[in-house]
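Trainee: Here's a structure for you.
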Amino acid sequence: MAAQAVDGTVAGGGPARDQAALHRRPGGQGPVRRFIGRHWYAWALTAPVVIVTLVLVGYPLVRGVYLSLTDATEANVGRTIGMNVIPSTYEFVGLKNYTAALADPEFLATLGWTVLWTAVCVTLHYGLGLGLAILLNRPLRFRSFYRVLLVLPWAVPAFVSAFIWRYIFSAKYGVLNAMLNAAGLPAVAWLDDPAVAKISVIVVNVWLGVPFMMLAVLGGLQAIPGELYEAASMDGATPWQRFRYITLPGLRPVASTVVLLGTIWTFNQFAVIFLVTGGGPGTSTQILVTNAYRLAFTGIRDYAGSATWGLLILLILSAMTVIYRRALRRTGEAW
Amino acid sequence: MRRVISAVAAAAALALAVSACGSDDSPKSAAPATSAAPADVTGTVTWWDTSDATNEGPAFKELIADFEAKYPKIKVSYVNVPFGEAQNKFQTAAQAGSGAPDVIRAEVGWVAQFASLGYLAPLDGTPAVDNADDFLPGPASAGKYDGKTYAVPQVTDTLGLLYNKELLAKAGHNEPPKTFDELKQTALDVKSKTGVDGLTLNVDSYFLLPFIYGEGGDLLDIDSKKITVSSAQAVAGVQKVMDLISSSAAPKPTIKDSYVAAETAFKEGKTAMIFNGPWSMSDNLGGKVFKDKPDNLGVAPVPAGSVKAAGPTGGHTYAVYAGSGNLDASYLFVQYMDSAESQAKLAGKLGLLPTRASAYSLPDASGSPVVATWKSVMETAVSRPWIPEQGQLFQPLVEGYQDLVSGKESDVQKVMDGVAQKYQGLLKGWSL
Amino acid sequence: MTIAAGPAGVGRAKQKGPKGRSTAASIALHGTLAVASLIAVFPVVWLLLTSIKPRNAWDSATVTLFDHPNLGNYAFVLSQTKFLRWLVNTLIVAGATTVIGVLLAASTGYAVSRFRFPGFRSVMWMLLITQMFPVAILIVPLYNLMAGLGLINTFPGLMIAYLTTAVPFCAWMLKGYFDTIPVQIDEAGQVDGLTPFGTFWRLVLPLAKPGLAVAAFYSFITAWAEVAYATTFMTGDESYTLAVGMQSFVSEYRAEWGYMTASAVLIAIPAAVVFLLVQRHLVTGLTAGATKS
């Protein structure tokens, strides 16, 4: 979007080229009508999503910002329930919740692990997904068979998978330890040791996330024109050169999106942590979002505290997105 | 992160402590069931049952059918809500004023919290509190908050020591251990003479309480508003547990799914003793070593520490949602479900321990082997601090316990100090 | 943007066929895929094996592959619970979410892929931000909003909640796919006299089939297996979805793993069938559409 003109007509080249000129209705007169005439179609296409999202996510978000500046809990937000009238007694406290959260050593420790967890998971997701997609994109016997098997983890509901893995990892009646024992090896405390538990949850999340990446990349590979490869082969390009200079750039539109979304997704991956380890042992596998949940949902709910954590997560991810976008722009992507 | 407790709530906690001492203070039920009004009450009562849908739900449904036969103008909508979801689901629905049930089966620890938040209807003087003197004082105290009754007890329970009689006999012990020291010795004997584990622990806050109580400790001291979780007594209790593990009297326990791991080991004869409650009896009796020999399963009160033998009081209650549009029908429903006859039926079918003194003498209950076994164990049950924040006390404690067991921390005092610090964040105005 | 410069109509690449591959390479290729498939399938197979064991066999310390194989757990789940009712509920919610979600996401994704309009960047950011704010914290305010609209315990309420999760994700993803479709195709449509909507519907959408298939499956799975919203919003067991109903096998102390695994298998089957239905579109895509133009 670097080249966006004031009237919004031209934006870079390629697919980013503005189509509005083509869709302009005839007979547009004054500047306002022309402006509307040029953009009505894009607005109409996005309007349903924008309106619904603004209501359903925008309202809670704005309310969250407000609550994070107060000391609101479930006990002091006013309401009337039948014969019980609870007066509103919460107060504005400014940025106190934010300073308290950032000064909390638990926040920083959790943030560190959350970042590590996200980086490792997304790298493995994309790396393994790309590798498998490239293998599956070749002419190959049993291709659909492999594809169906490989995508199975995605077809199983995530909460079910989390339960199966917890069962497989179980120290006493789990199949992994049973296999180790059968092979004469000592049992492993898959979910009971702080360090091993971290690896275990990563394994589960990678298992869950690779099929999606694989399919997304596979879709992207299909969109790379074949004659580029043919031309490259004729020019004597090695497989690595073809991968490096045709496959990777060709995948970029899809990859930049799924990696960005995958990062956000993994950063907020609640189900795996919550259902497999519950954040334990101790608090060793707790990520920011499970901790925010704990604040929001244990006992008397801390509306202000959980909103603060939620907004901090949002700020961190937004900052990350801005940096990511800058990096993309440098390589020619634009939005 | 900071919970504000108003002066009112703090005063309420004190008042609760006082009223818990004598449940007679509560107003007597004014409307007996035989008054003319009940027959004319109409409406639909939605009940969220949090019991085990597969094994316990059907017995409750039978009671509901009887209730509907007795009050043809009242319809009951039975919804089984999984226990793990129910507290959150109720809170969300109740605060929104939409979607909440009329009656909920609330765990004893939820009542003070729900009541303090204004979600529950006070029941004093309504048909729901029927013949209040009949309730056992311990379980009944959990239904009171700020001097009012917000829930009536449905079932009570506590922890006991479950043991495999054959394994103990093989190790030369014909009697279950009565103190922590005997517990350790018995476990070591079982291990050395039979080869199987002597005692399997469950890494859970609730299951830690008998050790803390035994040494004279507690999580909180309600009267003086003191946080006592890091006191010398509480630390000594936790130390006992760690000593059981380090001396190999108990194997290093599984942390994840700890409860099931302990149960499984016990049912399969791989461990001789566990701590558990009356709810586990049918599960145990279905196990390999007890299926054909139910007499092999022994139940004893939890062993005593240097101060006393005591287990925590648990159980469930019936509470009525303040925003219910069918209050009168709900009161009648609670009255019926919690009558001595209903309690006795549930005791007979499911082995649930009644909370009414009179229910124990009814044939259905007195014929139940589970009730007979556990009645004496219940004498060691002590009341927990029924304060609104009580549900939040367990998480920091279990995290500390897990850190000790996983080896991340080794200094018990340091861990308990950390727990106490988290409690201070939860309980404003309480001292260490 | 390399591809955009290329010609629009292309055939699928004829890379080296199986004959051009050495035996060693074949073995490595098949070996890798076989191992990966095994890892992918193993937990699911274990689930299946557990489901055909007796009801209480799951927590035995003696782990075996087979233990009196029988279908008792399935019989119980199908006959003694409201499983079929929950299945129908879930199909309604997931089906509607998929259809509406893909349509909305496609139109939004197309708009942000092709047009630079005032508010474009805000839309992109808005779609992202909805993904960033933790669902766990959105639940209570969203519940209150739904309560105000009278949508608690209704299918539309749950569906709308799922759309807020699925649509932004799919719209973003589809933007990526639309970006790979040469803009010349749109221009050709205009020249042929198609309306803007006609261009989108008749020319661009068919070319985006692989992306649409992924988006459809994503929307479906989101709705099919979601737990948090469904647990909170559906207050009567007549309107539970499968994911919620299945939790009734987990009680305070015990989980009925025998029944849980059987229902998990039953839940996974329709999802797998839906995948089988959409997966063939993954390979056609550009070839099929492009030959027409």
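Trainee: Given the DSSP H assignment, sum -39500 (n - 2.57) over each helix run of at least 4 residues in chain B and divide by its residue total; what's the result at 222 nm in deg cm²/dmol, nearest 500? Don't jump to the answer; show the numbers that get you there.
Mentor: Details: 18 runs with 182 residues, N = 432.
-12500 deg cm²/dmol, from helical runs alone.
Trainee: Now for a different question. Let's see if you can work this out: charge +1 on each Lys and Arg Cβ, -1 on each Asp and Glu Cβ, no other charges. What is the dipole magnitude of the protein assembly as shown about its Cα centre, in debye to the nearest 20? Mind dumping the intermediate values first?
Mentor: On the way: 80 positive and 72 negative charges, 994 e Å.
In debye, rounded to 20, the protein assembly as shown gives about 4780.
Trainee: A follow-up question, please. Give the percent of DSSP beta bridges with both residues in chain B that are antiparallel, rounded to the nearest 5. Intermediate results must be reported in sequence, preceding the final value.
Mentor: Details: 27 of 43 bridges.
If I count the DSSP bridges inside chain B, around 65 percent turn out antiparallel.
Trainee: Report the residue, chosen from C:Asn73, C:Asn56, C:Asn89, that carries the largest GNM mean-square fluctuation when chain C is represented by alpha-carbon nodes joined by springs under 10 Å.
Mentor: Result for chain C, Cα springs under 10 Å: C:Asn56 fluctuates most.
Trainee: Moving to a separate point now. Quick check on my link table: of A:Lys172/B:Lys414; B:Lys61/B:Lys349; B:Lys226/B:Lys375; B:Lys240/B:Lys308, which ones sit more than 23 Å apart, alpha carbon to alpha carbon?
Mentor: On the way: A:Lys172/B:Lys414 30 Å; B:Lys61/B:Lys349 12 Å; B:Lys226/B:Lys375 32 Å; B:Lys240/B:Lys308 14 Å.
Long pairs (Cα-Cα over 23 Å): A:Lys172/B:Lys414; B:Lys226/B:Lys375.
Trainee: Based on DSSP, what percent of beta bridges with both residues in the protein assembly as shown are antiparallel, to the nearest 5?
Mentor: Values: 32 of 48 bridges.
Around 65 percent of the beta bridges assigned by DSSP in the protein assembly as shown are antiparallel ones.
Trainee: Across peptide B:403-415, how many C-beta atoms of other chains are within 10 Å of each residue C-beta, on average? Working shown, then result.
Mentor: Values: counts 6, 2, 3, 11, 5, 7, 1, 0, 0, 0, 0, 0, 1.
Mean shielding by partner chains, rounded to a whole number: 3.
Trainee: Could you tell me the center-to-center distance, by alpha carbons, between region A:258-335 and region B:191-254 in angstrom?
Mentor: Here the two parts' Cα centres lie 36 Å apart.
Trainee: A further question on this structure: Could you state the angle between the C-alpha long axis of helix B:205-214 and the longest principal axis of the C-alpha atoms of chain B, as a value from 0 to 90 degrees rounded to the nearest 10?
Mentor: That works out to roughly 70 degrees.
Trainee: Working from Cα positions, state the angle (0 to 90°, nearest 10) between the long axis of helix B:7-21 and the longest principal axis of chain B.
Mentor: So the helix axis and the longest Cα principal axis differ by about 80 degrees.
Trainee: Would you mind giving the mean number of other chain beta-carbons within 10 Å of the Cβ of each residue in A:190-198, as a whole number?
Mentor: Numbers: counts 1, 4, 13, 4, 6, 2, 1, 3, 0.
Taking the mean over all residues of the peptide, I get 4.
Trainee: Among the helices of chain A (complete DSSP H runs), which have Cα atoms covering no less than 24 Å along the helix axis and a Kyte-Doolittle mean of at least -1.0?
Mentor: Values: long enough: A:31-53 (30 Å, 0.57); A:105-136 (46 Å, 1.44); A:194-222 (42 Å, 1.68); A:248-267 (26 Å, 1.23); A:303-330 (40 Å, 0.87).
Taking the DSSP H segments of chain A (at least 24 Å long, mean hydropathy at least -1.0), we get A:31-53, A:105-136, A:194-222, A:248-267, A:303-330.
Trainee: A further question follows. Out of B:Gly97, B:Gly147, B:Gly311, any idea which swings most in a Gaussian network model of chain B, alpha carbons joined below 10 Å?
Mentor: B:Gly97
Trainee: With each run of n ≥ 4 DSSP H residues scored as -39500 (n - 2.57), what mean residue ellipticity at 222 nm is computed for chain C after dividing by its residue count and rounding to the nearest 500 deg cm²/dmol?
Mentor: Details: 12 runs with 194 residues, N = 293.
Here the helix-only value at 222 nm equals -22000 deg cm²/dmol.
Trainee: Sorted by average packing, counted as other Cβ atoms within 10 angstrom per residue and highest first, what order do A:150-163, B:356-369 take? All intermediate terms of the calculation are to be shown ahead of the outcome.
Mentor: Details: A:150-163: 23.6, B:356-369: 17.7.
In decreasing order of mean packing, A:150-163, B:356-369 become A:150-163, B:356-369.
Trainee: Oh, and also: Roughly how crowded by other chains is peptide A:136-148, in terms of the mean Cβ count from those chains within 10 Å of each of its Cβ atoms?
Mentor: Details: counts 5, 3, 6, 10, 7, 4, 4, 2, 5, 2, 8, 6, 7.
Taking the mean over all residues of the peptide, I get 5.
Trainee: Among C:Met260, A:Met83, B:Met281, C:Met246, what is the fewest-to-most ranking by other Cβ atoms within 10 Å?
Mentor: Numbers: C:Met260 25, A:Met83 11, B:Met281 22, C:Met246 28.
By the 10 Å Cβ count, ascending: A:Met83, B:Met281, C:Met260, C:Met246.
Trainee: In the Gaussian network model of chain A, springs joining C-alpha atoms below 10 Å, which of A:Gln286, A:Gln222, A:Gln241 carries the largest mean-square fluctuation?
Mentor: Result for chain A, Cα springs under 10 Å: A:Gln241 fluctuates most.
Trainee: Right, something else. Which entries of A:Lys198/B:Lys184; B:Lys89/C:Lys53; B:Lys191/B:Lys288; B:Lys165/B:Lys422; B:Lys178/B:Lys252; B:Lys178/C:Lys53 show an alpha-carbon separation above 31 angstrom in the structure shown? Write out the running numbers ahead of the final one.
Mentor: Numbers: A:Lys198/B:Lys184 34 Å; B:Lys89/C:Lys53 33 Å; B:Lys191/B:Lys288 20 Å; B:Lys165/B:Lys422 41 Å; B:Lys178/B:Lys252 23 Å; B:Lys178/C:Lys53 40 Å.
From the list (A:Lys198/B:Lys184; B:Lys89/C:Lys53; B:Lys191/B:Lys288; B:Lys165/B:Lys422; B:Lys178/B:Lys252; B:Lys178/C:Lys53), the Cα-Cα distance tops 31 Å for A:Lys198/B:Lys184; B:Lys89/C:Lys53; B:Lys165/B:Lys422; B:Lys178/C:Lys53.
Trainee: Taking the Cβ of C:Gly245 as the centre, find all other residues whose Cβ is under 9 Å away and add up their charges (Lys, Arg: +1; Asp, Glu: -1). Show your work: numbers first, answer last.
Mentor: On the way: positive: C:Lys82, C:Arg85; negative: C:Asp237.
Result for the local shell: +1.
Trainee: Something else about it: Once both axes come from the Cα atoms, what is the angle between helix C:83-114 and the longest principal axis of chain C, in degrees from 0 to 90, rounded to 10?
Mentor: For C:83-114 against chain C, the angle is about 20 degrees.
Trainee: Arrange B:Phe211, A:Phe145, B:Phe180 by Cβ neighbour counts within 10 Å, fewest through most, would you? Walk me through the numbers on the way to the answer.
Mentor: Numbers: B:Phe211 26, A:Phe145 12, B:Phe180 23.
If I rank by nearby Cβ atoms, fewest first, I get A:Phe145, B:Phe180, B:Phe211.
Trainee: Where in region C:39-123 are there chymotrypsin sites (Phe, Trp or Tyr not before Pro) that are in a DSSP coil and have at most 15 other Cβ atoms within 10 angstrom of their Cβ?
Mentor: Values: sites: C:Trp46, C:Trp58, C:Phe66, C:Tyr74, C:Phe76, C:Phe83, C:Trp86, C:Tyr110, C:Phe115, C:Phe120; in loops: C:Trp58, C:Phe66, C:Phe115.
Taking region C:39-123 and a limit of 15 other Cβ atoms within 10 Å, the loop chymotrypsin sites (Phe, Trp or Tyr not before Pro) found are C:Phe66.
Trainee: Rounded to the nearest 500, what is the 222 nm mean residue ellipticity of chain A from helices alone, with -39500 (n - 2.57) per DSSP H run of 4+ residues and division by all residues? If you can, show how the numbers build up before the last one.
Mentor: Values: 15 runs with 217 residues, N = 335.
Result for chain A: -21000 deg cm²/dmol, rounded to the nearest 500.
Trainee: On to the next question. Region A:32-56 to region A:76-117: how many Å between their Cα centroids?
Mentor: 36
Throughout, read-outs are computed from the coordinates displayed, never taken from laboratory work. Here the structure is a predicted model, which is why all the values come from computation and not from measurement. All Cβ positions, even for glycine, are placed from backbone atoms using ideal geometry, and neighbour counts span all protein chains on display.
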